[in-house]
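The values are calculated or read from the model by the stated rules, or taken from the named source; none is laboratory data. Note that the coordinates shown come from a computational prediction; the quantities given were computed from them, not determined experimentally. Cβ coordinates were reconstructed from backbone atoms using ideal geometry, including for glycine residues, and neighbour counts include every protein chain displayed.
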Amino acid sequence: MQYLTFGPFLAQAAAGAVIACTAAAAVAAPAIARRDGAAAVRTASRVLLVIGVLFILELTLRGTTSDTGSLNLVPTQGVAESIKTTDLRNGLENLFGNILLFTPLGFLAVLALRRSLVLIVGLGAALSLLIETAQFVLGDRWSDIDDVLLNTTGTLLGALAATAAVAAARRRAARRSPDRMNSRS
């Protein structure tokens, strides 16, 4: 994600988010109509997860960022060099952009796949490694171990946030269950 200009990117991302949410709501509509909230969330999350993965692949594999390409296998070296040699803004965009890019993926994967945190984070790391390998093979991209580490961190943060949200929803539902039973008696 080096040298990505965030102004046009944010406008495209916002438009894409609206389209993705509309598609997810349309696919989840039958579950919503049945008032099956869990099925609606799971269905919408699956749609958004697929769209999110496609978005990440398109963003990271389209175009070029370098005339010759580059490979960095030394952890933290790429981020440190980016901050030192380009400018602080580009370095911070690279750092936080790589984390934020995969955060929704971790969040949605927990909701859509209902698998362990370790598996979700492993899938995020595997996707990032696949992307970095493809960038290296293409020859005109930056391939950086820092991107894999930062993307994996983003997946972890998103998965932790979803895990916390699911736990909070379950606690709330458990507190409401006795109230609903008492009101029906």
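Assorted remarks:
- Residue in segment 131-138 that is in contact with a strand residue (DSSP E or B) (Cβ under 8 Å, 6 or more places away or on another chain), without any contact (Cβ under 8 Å) to a residue 24 or more places away in the chain and surrounded by fewer than 16 Cβ atoms within 10 Å (Cβ to Cβ) present: yes
- Any chance N90 is more than 21 Å from the chain's Cα centre (by Cα), of a type outside the set (K, R) and buried (at least 17 other Cβ atoms within 10 Å of the Cβ): no
- Number of positions in segment 36-50 that are within 13 Å of the chain's Cα centre (by Cα) and surrounded by fewer than 19 Cβ atoms within 10 Å (Cβ to Cβ): 2
- Selection status of R115, outside any helix (DSSP H, G or I), out of contact with any strand residue (DSSP E or B) (no Cβ under 9 Å at 6 or more places or on another chain) and closer than 29 Å to A44 by Cβ: yes
- Within segment 84-101, residues that are in a helix (DSSP H, G or I) have Cβ atoms under 6 Å from residues that are of a type in the set (D, E, K, R) in these pairs: N98/D147, counting only partners at least 6 apart in sequence or on another chain.
- Residue tally, condition at pLDDT 80 or above and under 16 Å from I131 (Cβ atoms), over segment 63-108: 16
- Number of residues in segment 93-109 that are of a type in the set (G, A, S) and crowded, with 24+ Cβ neighbours inside 10 Å: the value is 2.
- Here A159, A125, A112, A164 are screened, and the one residue that is exposed (fewer than 12 other Cβ atoms within 10 Å of the Cβ) and modelled with pLDDT of 95 or more is A164.
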